[in-house]
1. Tell me yes or no: at least one residue of the stretch 160-179 is within 29 Å of residue 222 (Cα to Cα), at pLDDT 95 or above and among the charged types (D, E, K, R).
2. Is it the case that the stretch 93-101 has a residue that's assigned to a helix (DSSP H, G or I), touching a helix residue (DSSP H, G or I) at 6+ places or on another chain (Cβ under 7 Å) and of a type in the set (Val, Ile, Thr)?
3. Take the stretch 104-130 and flag every residue that is surrounded by fewer than 18 Cβ atoms within 10 Å (Cβ to Cβ) and part of a helix (DSSP H, G or I).
4. Among the candidates 213, 227, single out the residue that is of a type outside the set (Lys, Arg), assigned to a loop (DSSP other than H, G, I, E, B) and assigned by TED's automatic domain parsing to the domain that holds residue 265.
5. Just for the stretch 148-190: of the residues that are touching a residue at least 40 places away in the same chain (Cβ under 8 Å) and hydroxyl-bearing (Ser, Thr, Tyr), which one is surrounded by the fewest Cβ atoms within 10 Å (Cβ to Cβ)?
6. How many residues does the stretch 195-225 hold that are charged (D, E, K, R) and closer than 20 Å to residue 267 by Cβ?
7. Among the residues of the stretch 66-99, count how many are basic (Lys, Arg), in contact with a Ser or Thr (Cβ under 9 Å, 6 or more places away or on another chain) and surrounded by fewer than 17 Cβ atoms within 10 Å (Cβ to Cβ).
Amino acid sequence: MSIKNLFAAVLIVLAVAPAVCLAKTPCPKNIISLTLASDEILVDIVGNRKKIAALTYFSTDPLISNVVEKARGIPQVRANLEQVITKSPDLVILAGHTNPNIRAHLEAAEIKALVLHEIVSLESIKKNIKMVGDAVCEDAAARALVESMERQIAEARAKIPPRAEPPTVLFYGAPGFTVGKRTTVNDIIESSGAINLPARLGLSGYSNISTEYVIQSNPDLVLTSSYNPSHPDFVGQMFENPAFKDKKIIVVAGKHLDAASHYAAQAVIDLVNLIFRAENNADR
């Protein structure tokens, strides 16, 4: 081959190669969500509802779902392989803790499975939103959702009095645990202009604690969730417990505080309002 012909061949390869590299998996048309987080993300970024084959049964539970109305009319499934397969999905969104047998069978059936990142911070929520957006060909909508989340948090923080002393907060959940670093609740507390006391004391993740621990730690505020399915009377018992009589207890809606989606931003809004309203009332 002459130098001229060789050069021409190289140019052809270079021209074709990018097209090959940029080839993208077809956009899914039959999506199944097996996590509440992906339920909430999907209904807010997928314009064509017909592409959502099913959401979890949690999606229409008003105690934990932030998208009850948006989810109405969309079929529901549990993390049950038979239910999933019968809907012939081309994308199934799973959590890391979803039964590994389901993922294995999906892969064996050549059905694409998207596994969400572990939720350990607000940043990990943003990563999941962008990942889901990329997987369902809704990149722009996903980016807009993340920007909206960031804007909501920034606007909430702007309402914190500039000279306010950050109160110490200790989360106390049923049946008796708290949270430190590497949790979304930690980020929510810190984003709300407060100090997550267990995190500052070196705790990471989730830890079982006693009522005595709460009292001895002496936080300015005790935070809890309204949603305690295994202990429905937990919040009422806290208010009735003599050990908490001198403690300021603040309750945030579980569907906000426990959210693993962009709706976690609403928990920051709630907490800013509750914390600094409580602080202002204490000063009167």
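1. Looking through the stretch 160-179, none of the residues is within 29 Å of residue 222 (Cα to Cα), at pLDDT 95 or above and among the charged types (D, E, K, R).
2. Scanning the stretch 93-101, I find no residue that is assigned to a helix (DSSP H, G or I), touching a helix residue (DSSP H, G or I) at 6+ places or on another chain (Cβ under 7 Å) and of a type in the set (Val, Ile, Thr), so the answer is no.
3. Residues satisfying the conditions are 104, 105, 107, 108, 123, 124, 127, 130.
4. 227
5. 148
6. 2
7. 2
Here is a yes/no grid of residues against (1) assigned by TED's automatic domain parsing to the domain that holds residue 108; (2) of a type in the set (Phe, Trp, Tyr); (3) at pLDDT 95 or above; (4) under 17 Å from the mean Cα position of the chain (by Cα):
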| site | (1), (2), (3), (4) |
| --- | --- |
| 1 | no, no, no, no |
| 17 | no, no, no, no |
| 25 | no, no, no, no |
| 45 | yes, no, yes, yes |
| 61 | yes, no, yes, yes |
| 65 | yes, no, yes, yes |
| 69 | yes, no, yes, no |
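The values are calculated or read from the model by the stated rules, or taken from the named source; none is laboratory data. All values reported here derive from a predicted model rather than from experimental measurement. Don't worry about glycine lacking a Cβ; one is built from the backbone with ideal geometry, like all the others, and counts go over all protein chains shown.
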